[in-house]
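**Student:** There's a structure below that I have some questions on.
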Amino acid sequence: MRWVALCVLSVALCFPDSAAVSGFTILGFNPLAAASSLRTCARTARVEYSSSARAMAADETELVVDFLTDLEGNLEYFDRWVAQSNAVRYKPGTTELELTHERAYFVFGGDLMDRFDGSLRLARRVVDLKKKTPDRVFLLAGNRDLNKVRFTAELDDDDLRRPYRSIPGPHWDPLAPTLAQYLEKLAAARGMPAESLDTKGERLRYYLQHTLGCPDGFELRRRELGLLAADASKTGISDDAVVESMLDDIRPRAPGEAGVGVLREYLQLAQLVLILGNTIWVHGALDAINIGVVPEDSTKFCTPDAPQPFRTVTAGAAAWATEMNALMQRGLLDHAARPVWDESRKSRGGEVLIALQNRAALSGRCIVSSAYADGGCITSAEAPARRASIEHRMAQSGKHEAYFFFSFYMSNIYIYIYIYIYIYIYIYRKEKRILDARGVNMSTMLYILL
């Protein structure tokens, strides 16, 4: 798994107290890679531990850690993965998960929902496993988990009365249409006034398609609700039911109120930073500009003119992890207290949670959505030129295909070099006389193989 190799770097230079972080490996997720599992044997850790970071017990000599990430609602893939897992299994004849033995650990890397029709069922199974074995199951908060906090404010009845033409497009994507452009295009196609289409359902479709990266999310949720409802074939699943389901996922409950939404429950049990033994886990990526950085609670979800305030933790990786995880929990409490906009529409609870997954809001100091694919190690000397090339291609095409092609090419170029060396040293030189006699040269061999 090539992306794991891309995510390993030294953190000793990032903290003055290098003894506190020596021996660390950093694991994050490369968005170009498919959801993957990682099985490792962890040895005794040589690191200072923090209770909130939940370190592995030092007396364990051999542990099995299975890692899975970015399923985005793909329940079928998850079931196939469980069948091969060394750490996780289903109880016979049920959909209830359990760990396979006492030295088994499971880390889910985030991005639980969105792009397949198994989001609700997958989320419930993972959350229930965490609640049953909290000390050996760990959940990371991903961008697709945190960004749903927006819904309680942006799909509120008061916000629906706000003129749709006054709602700007996503600040991080100037190529995306505004809500007005979306509704007016839809109205022209249907031959009806745009105002008549300004409903919660259409606003949610717009947000999912143009600001959350899941264009089929609305219909996928409708399909899953139909699978879960016994009478769905008779009544169908309405747009309002889909909206209510997605709101219910994240909506905070009053003290004592039953039925916490499954996504909210996931976030309450999740972490931004996890330390197991000598390994740091995050959803995105760590580098010299974001490790040790803790955004302020007042951070806004916007593209600022200047970097928003933050503080730097210098007491070591464990202390930084503790502060980041505490920040997320404070954000959830703030969201519970103020789930909708204030009267001026300038403040809403939990906005720091939405900002945490947005690179523009954090001026690049983002551990949730940063990726090593954005030009290799993003603090290397070559990275700015690579990013500039990607941005130029995107600006010319108006699409993201150029970004993915360029990133994929750069991540594979080293493999081509290794193949070339292997062919030359171990095949061509050894069999040169025979190959020359048959008219096969080096270029022909490389072309055939690649």
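**Student:** With a 1.4 Å probe and every protein chain left in place, tell me how much accessible area Asp342 has, in Å² to the nearest 10.
**Tutor:** 60 Å²
**Student:** Using the Karplus equation 6.51 cos²θ - 1.76 cosθ + 1.60 (θ = phi - 60°), what ³J(HN,Hα) coupling, rounded to whole Hz, does each residue of the stretch 319-331 give in order, writing x for Gly and Pro?
**Tutor:** So the Karplus estimates, Gly and Pro as x, are 5, 5, 4, 4, 5, 5, 5, 5, 4, 5, 5, 5, x Hz.
**Student:** Moving to a separate point now. Report the relative contact order of the stretch 66-201, percent, no decimals, based on alpha-carbon pairs under 8 angstrom and at least 6 residues apart.
**Tutor:** The normalised contact order for the stretch 66-201 reaches 20 percent.
**Student:** Ok, one more. Please list Thr178, Thr303 in order of solvent-accessible area, largest first, computed with a 1.4 Å probe with all protein chains present.
**Tutor:** Descending order: Thr303, Thr178.
**Student:** Just to check I understand the Karplus step: with θ = phi - 60° and J = 6.51 cos²θ - 1.76 cosθ + 1.60, what whole-Hz values come out for the stretch 237-244, glycine and proline as x?
**Tutor:** Values, residue by residue: 10, 6, 4, 4, 5, 5, 4, 5 Hz.
**Student:** Long-range amide H contacts for Gln271: which residues qualify at under 5 Å (H placed 1.01 Å from N, peptide plane, sequence gap of 5 or more or a different chain)?
**Tutor:** Counting only residues 5 or more places away or on other chains, the set is Leu139, Leu140, Ala141.
**Student:** For a quick check: with amide H placed at 1.01 Å from N, whose amide H comes under 5 Å from Ile280's, ignoring anything fewer than 5 positions away on the same chain?
**Tutor:** Under 5 Å from the amide H of Ile280: Thr25, Ile26, Leu27.
**Student:** Quick one: Karplus J couplings for the stretch 194-211, per residue in order, coefficients 6.51, -1.76, 1.60, θ = phi - 60°, nearest Hz, x for Gly and Pro?
**Tutor:** 4, 4, 6, 9, 7, 10, 4, x, 6, 5, 5, 4, 4, 4, 5, 6, 10, 10
The values are calculated or read from the model by the stated rules, or taken from the named source; none is laboratory data. A quick note: this is a predicted structure, and the numbers were derived from the prediction, not measured. Remember, those area values only see protein heavy atoms, side chains included, never the ligands or the DNA or RNA. Shrake-Rupley method; radii C 1.70, N 1.55, O 1.52, S 1.80 Å.
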